[in-house]
Amino acid sequence: MKVMFAGFAAIFIIAVAADFVLDEIGFAAAERQSGPSVRLGDAY
Amino acid sequence: MLRIAFAILWSALVSVVAVPALAQDAPDRTATGGAQTLSDILARQEQMKVDDGFRRENTGDPSAAKPTTEQLGTLGGASDPDLWRALRYDSVNIRVSAGGDVAATLVQDGGMAWLAFREGPLRTYGGWLLLGTIGALVLFYLLRGRIGVDGETTGRTVTRFKAIERFAHWMLAGSFILLGITGLLTLFGRVGILPYLGHEVNSVLLIGGKWIHNSVSWAFMLALLMVFVMWVGHNIPNRGDIIWIKQFGGIIGKNHPPAKKFNAGQKVIFWSVILFGGSISLSGVSLLFPYALPLFAKTFAFLNTTGLPEMVGLGVLPTELAAQEEMQLAQAWHAIMAFVLMSIVIAHIYIGSVGMEGAYDAMGSGEVDEAWAHQHHSIWLDEEKAKAAAQQPAE
């Protein structure tokens, strides 16, 4: 059971890390649809 | 003489049959000066397949223009309607100041076909596939019951899966369930949640589901890679699998065919997870990074070289796809593959939990009773025992 919960915890950690990293490198689907002349707001 | 007469008769027959067919293939559009006719419009409204090549390719030819020195030279070889047609079929060279190459596609009507597919066949057949699988398993359980361990358990256990193997399995399983649920919420939320629980609930579920789906996918892909590396060696098909399949793996009947670490049924699950999961991952990454990883134009070009699409009646597949079309195809493929894998995994969950006594222990604690191991993986058990005996110091 411990290993199972460790696996589930890893899912959570990887998910949060992936979200953070993609945010940090400035990647968002909205940015792919946009250009430098467009302001997307603070969320992106 | 007879041959000549037969040839004349044959050619006459062919000409009688073929001429009307050809006339049907190329409708007469002289009345509209080559533009679409009422029958074209009506056929399109009926959603019948219309060969629109006469419009798609009629986008003007500047080189056909009269020289400017001639009287009508300034009119050029392309007109405004030609330009609008080119815009309609995305064949004109457009420059945009924002949005990159994607924004240069001004009209792309594949979205309607994609939406119709997503709201129609995908939901219908996908939903029934899952419900049908669950129904079949319930029926199977009622008929066969739980597959038990024959005879008494020994009380002696053998390690079936090491901690790292179980860790990767549960990471893969947990992430797949999360991805499956959030994917289903995205597809069915509008028809299954919104009318009953309202916009607010559906919205929260979709926003949360989107974050989970996009972020948890990385854990799924990592776990898929781990599982592949750790287990691929044990999942190469061998002759023993044929015996296992012939005896239905002991699932139907009383026989318990010998098997190594993984039996033929588990190998099917493994390769399904790897191939379908890999395909879902690839199309998923294409969707995660919109327009950066187009997959289908190249795949279609490759398939065309094999002649397979024509063989199955699909004709030559398009190899020039708009960026948006690539995304539509990636989403459709992603969902189809996901439904197939979900259905297989539901069966896997059944056999690993309520369907077979002792199966859960293999992934729960990693330890299985020797009687269970002998019943389901006798060759593997013998190998493990031989290894243990070899490791013991000689007295």
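The values are calculated or read from the model by the stated rules, or taken from the named source; none is laboratory data. Note that the structure is predicted; figures quoted are calculated from it, not measured. Backbone-built Cβ (ideal geometry, glycine too); neighbour counts: all protein chains shown.
Take residue B:375 and decide whether it is within 20 Å of the chain's Cα centre (by Cα) and outside any loop (DSSP other than H, G, I, E, B).
Details: within 20 Å of the chain's Cα centre (by Cα): no; outside any loop (DSSP other than H, G, I, E, B): yes.
No.
For segment B:119-126, state whether one or more residues are hydroxyl-bearing (Ser, Thr, Tyr), surrounded by fewer than 16 Cβ atoms within 10 Å (Cβ to Cβ) and touching a strand residue (DSSP E or B) at 6+ places or on another chain (Cβ under 8 Å). Working first, answer last.
So in segment B:119-126, the residues hydroxyl-bearing (Ser, Thr, Tyr) come out as B:124-125.
Filter again for surrounded by fewer than 16 Cβ atoms within 10 Å (Cβ to Cβ), leaving B:124-125.
Imposing the further condition that a residue be touching a strand residue (DSSP E or B) at 6+ places or on another chain (Cβ under 8 Å) reduces the set to none.
For segment B:119-126, residues hydroxyl-bearing (Ser, Thr, Tyr), surrounded by fewer than 16 Cβ atoms within 10 Å (Cβ to Cβ) and touching a strand residue (DSSP E or B) at 6+ places or on another chain (Cβ under 8 Å): absent.
Give me the helices (runs of 4 or more DSSP H) completely within segment B:74-153, filtered to those with at least 2 residues that are without any contact (Cβ under 8 Å) to a residue 40 or more places away in the chain, more than 14 Å from chain A (Cβ to nearest Cβ) and charged (D, E, K, R), ordered by residue number. It would help to see each step written out before you state the result.
Numbers: elements: B:80-88, B:110-117, B:123-144.
Once the helices (runs of 4 or more DSSP H) in segment B:74-153 are filtered for at least 2 residues that are without any contact (Cβ under 8 Å) to a residue 40 or more places away in the chain, more than 14 Å from chain A (Cβ to nearest Cβ) and charged (D, E, K, R), what remains is B:80-88.
Residue B:325 fails exactly one of the following numbered conditions: (1) of a type outside the set (Phe, Trp, Tyr); (2) within 30 Å of residue B:286 (Cα to Cα); (3) surrounded by fewer than 19 Cβ atoms within 10 Å (Cβ to Cβ). What is the number of that condition?
So the condition that residue B:325 fails would be (3).
Might you check whether a residue that is in contact with a Lys or Arg (Cβ under 9 Å, 6 or more places away or on another chain), on the phi < 0 side of the Ramachandran plot and free of Cβ contacts under 8 Å to residues at least 40 places away in the same chain occurs anywhere in segment B:260-283?
The initial filter retains those residues of segment B:260-283 that are in contact with a Lys or Arg (Cβ under 9 Å, 6 or more places away or on another chain), namely B:261.
Going one step further and asking which of them are on the phi < 0 side of the Ramachandran plot, we end up with B:261.
From the residues that got through so far, the ones that are free of Cβ contacts under 8 Å to residues at least 40 places away in the same chain too are none.
No.
Suppose the filter is surrounded by fewer than 12 Cβ atoms within 10 Å (Cβ to Cβ) and either farther than 26 Å from residue B:321 by Cβ or among the aliphatic types (A, V, I, L, M) (or both); does residue B:64 pass it? Talk me through it step by step, then tell me what you get.
On the way: surrounded by fewer than 12 Cβ atoms within 10 Å (Cβ to Cβ): yes; either farther than 26 Å from residue B:321 by Cβ or among the aliphatic types (A, V, I, L, M) (or both): yes.
In short, yes.
With (1) within 14 Å of chain A (Cβ to nearest Cβ); (2) in contact (Cβ under 8 Å) with a residue 24 or more places away in the chain as the list, and residue B:59 as the residue in question, which single condition is left unmet?
(1)
Within segment B:154-188, work out how many residues are at pLDDT 95 or above, away from chain A (no Cβ under 13 Å) and surrounded by 18 or more Cβ atoms within 10 Å (Cβ to Cβ).
Final tally of qualifying residues: 5.
What about residue B:198, is it within 21 Å of residue B:337 (Cβ to Cβ), free of Cβ contacts under 8 Å to residues at least 40 places away in the same chain and away from every other protein chain (no Cβ under 12 Å)? Working first, answer last.
Values: within 21 Å of residue B:337 (Cβ to Cβ): no; free of Cβ contacts under 8 Å to residues at least 40 places away in the same chain: yes; away from every other protein chain (no Cβ under 12 Å): yes.
Taking the combined requirement at face value, the residue does not satisfy it.
Residue under question is residue B:366, and the condition is that it be small (Gly, Ala, Ser), within 14 Å of chain A (Cβ to nearest Cβ) and buried (at least 20 other Cβ atoms within 10 Å of the Cβ); does it hold? First the steps, then the outcome.
On the way: small (Gly, Ala, Ser): yes; within 14 Å of chain A (Cβ to nearest Cβ): yes; buried (at least 20 other Cβ atoms within 10 Å of the Cβ): no.
Here the answer is no, as residue B:366 does not meet what is asked.
So which residues in chain A are at pLDDT below 80 and facing another protein chain (nearest Cβ under 8 Å)?
Hits for chain A are A:27, A:29, A:32, A:33, A:34, A:35, A:36, A:37, A:38.
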